[in-house]
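Notes follow the structure.
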Amino acid sequence: MNTIGNRILIIDSDKNFLESASHFLLEKGYEVYEASQSIQGVEIAKSVIPHLILLDIDFSDVNGIEACQNLREILELNSTLIVFVSTHNEDFVQIACFKAGADDYFTKPLKNNVLHFRIQALLKRQSSNNHPLNANNIESDTTIEIDSEKFIVKVGRNNVSLPKKQFFLLQLLMSYPSKVYTRDTILELVWGNKNRIGGRAVDVYIRKLREKIGSKHIVTIKGVGYRFDH
């Protein structure tokens, strides 16, 4: 896979890891940005719109889990992969990271060559997932039609295949356009039990849905939830 042009942001309080990983990934052809504090990292992410973020958990300002939640609120970062890289190996910590919107979790210590190949695999998968719709078609014709009986979604002239939960999520949002649905309401109506998964998991499904149908129609109401606009 060609790594040239892929932007990676490393947000990590461990200066040794930050310097080592940055240097190694630069040599592999990535465009690398660094931040040693989470708030600084979020601001850099807004500016450079990285393809992938490597995020630590322990910071002196805002912890990485909260930073991940903040990153997932930023519309421009819908397609950005967020990967935690941490010394924490407890199950409950990793679950909290995924609920916050993480795409993967790597445990330190991690050799640079292993880190490189895992990043490659994630970016390759991301690239494959982004092919269902041609970007030009998304911009030129974003009319969305949904056939609930045949489980077919049409965006412009393109038929889009959606997993069941993404289909039900889109169906719910389109049922009452402009109505704002809270995360808890979405969990209850789509999953049937709002306690089964965390509310931030909804953000991950929304992001994946936007990757398939474009980001124009699903609007984030910060701190509340989402609505569908024609």
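Values quoted throughout were computed directly from the atomic coordinates according to the rules given, and no laboratory measurement underlies them. This one's a predicted model, so the numbers in the text were calculated from it and none came from an experiment. Note that we place each Cβ from the backbone using ideal geometry, even for glycine, and neighbour counts take in every protein chain shown.
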Using a Cα-Cα cut-off of under 28 Å, which lysines could be cross-linked to LYS164, ignoring same-chain neighbours fewer than 8 residues away? LYS99, LYS124, LYS150, LYS154, LYS179, LYS194, LYS208, LYS212, LYS216, LYS222
Simple Cβ-charge dipole of region 7-129, Lys/Arg +1 and Asp/Glu -1, about Cα centre, in debye nearest 20: 500 debye
Would you mind checking region 22-42 for residues with the amide N under 20 Å from a putative spin-label position 7 Å along Cα→C-beta of LYS124? 25-31
Using alpha carbon centers only, region 154-169 is separated from region 52-109 by a whole-angstrom value of 28 Å
Over the chain, relative contact order from alpha-carbon pairs under 8 Å, at least 6 apart, %: 15 percent
Report Rg (one decimal) and Dmax (nearest whole number) for the chain, counting Cα atoms only, units Å. 18.2, 55
Given an 8 Å cut-off on Cα distances and at least 6 residues of separation, report the relative contact order of region 13-104 as a percent. 26 percent
What area, in nm² and to one decimal, does the C-alpha convex hull of region 7-129 cast on average over all directions? 6.8 nm²
